[in-house]
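Colleague: Would you mind keeping the following structure in view while I ask a few things?
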């Protein structure tokens, strides 16, 4: 099992899988003991626990990276990276700015669409009819396209 | 083909790699709950609003989508009474899956438009499918406009590149009655149409047959094949050529059915005795629930639904979806090949 886990792990998390596994297992066991057998746990709970452990760890590492960047200002070897970061930040700000100007219902539909949800899933998540979700996505995308173009960002 | 929406999606997703963590990011637990529709509509809307300005949480959402797909395809088990080592092993496996999916999420490999980052490999299959498109590129990448588990991607790939459809052939063989003249070699006339040699989802199936011009009425009889042909339902005399059982049939059992046409010259039966029986099986409750869940996930896609139905043995439904796929793609040899495969392999050969 350990070999299989290491085989699929990306390098930056390879050393952490054992620890993450222990944390996730401990959370599940703690919850099972706390409920003293009064609640039936299914494998879905294990997925949930594993997911939260993974996201917490990713966030922790990103916070550490940000802190390191703040302390170690402008390392000499990263001129290209810095340029890329700036461009990425500009695009992100343009996207965020354009999305923030949209009507909330359109914005949510567009965000879910960009995330990869189908119209049916978007309709379920927004609790609206399939046709309405489709309409919101198309109109929202048209708005977004026009806004980005006005800001000089071409998708 | 206008792929601008896909490029827009790829752009949106590419922002996560260099993004930081905000002070107002919702806990991971709430993102999982939101995507699982455990939160109220208002709470869910607030989190989706946050995704618009936080690429890191947008990535986390996509990981939850991908992991949720894995969970749907995995069997549900109770954790209670299982040893600690089992939990640790299961957690390790799920985490490893999560880490792999996270890598895919970061590389834009989950969701639409992933081929538009950098130079996309050429498409070898592109089908219009319901509300969207399904494509396969030269590297085997499957794009269905929605998140799919790796296992389901592989099934789509096999279906469209090798013409393979997964179906429970052994179980379907029990529903075919030798010499199997029903499905192709019978003479035109008074015949049963459906359900024949297939599973059905509903425990109140609708029986259909061809009309007999001289018939004054029809009567359907349904027997329990597993209980020595005990008659479980009989219709009143029908003037139409379809009838649904008013009372539910027991699930998980095989049934045989017959329709009798009353004519001035006497009674005529379908299927004829020499043609073999018309059998079908009603899915168990858990199988039917699984199909209904899959229908919600894959609604709007003829191909994905056809694969789900075929795997469950629901051949009539799979057939209808594939015919719709062929109608939408009249020049596609892949779509036609799939329909032929379903008819030839899944329906006829034991």
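Colleague: Could you work out the mean count of beta carbons from other protein chains within 10 Å of each residue's beta carbon in A:124-137?
Modeller: Mean inter-chain Cβ contacts per residue within 10 Å come to 2.
Colleague: Report, as an integer, the average count of C-beta atoms from other chains found within 10 Å of each Cβ along A:103-111. Don't skip to the answer; put the middle values down first.
Modeller: Numbers: counts 0, 4, 1, 0, 5, 8, 1, 6, 9.
Other-chain Cβ atoms within 10 Å of each residue's Cβ, averaged: 4.
Colleague: What is the packing order of peptides B:122-131, B:275-284, A:105-114, taking the mean over residues of other C-beta atoms within 10 Å and listing the highest first?
Modeller: The packing order, highest mean first, is A:105-114, B:275-284, B:122-131.
Colleague: Would you please put A:121-134, B:206-219, B:260-273 in order of how densely packed they are, using the mean number of other Cβ atoms within 10 angstrom per residue and starting with the highest?
Modeller: Top of the packing list down: A:121-134, B:206-219, B:260-273.
Colleague: For peptide B:42-54, how many partner chain Cβ atoms fall within 10 Å of a residue's Cβ, on average? Could the numbers behind the result be given before it?
Modeller: Details: counts 0, 0, 4, 7, 1, 2, 11, 6, 1, 7, 12, 8, 2.
Taking all residues of B:42-54 together, the mean is 5.
Colleague: What are the radius of gyration and Dmax of the range B:163-298, computed over its Cα atoms and given in Å?
Modeller: 15.6, 52
Colleague: In percent, what relative contact order does the range B:253-350 have, based on Cα pairs under 8 Å that are 6 or more apart in sequence?
Modeller: Normalised by residue count, the contact order of the range B:253-350 is 16 percent.
Colleague: Mind ordering B:235-246, B:154-165 by average Cβ neighbours within 10 Å, highest first? Mind dumping the intermediate values first?
Modeller: Numbers: B:235-246: 13.8, B:154-165: 17.7.
The packing order, highest mean first, is B:154-165, B:235-246.
Each reported figure results from applying straightforward, stated rules to the coordinates on display, with no laboratory input. These numbers come from a predicted model, not from an experiment. All Cβ positions, even for glycine, are placed from backbone atoms using ideal geometry, and neighbour counts span all protein chains on display.
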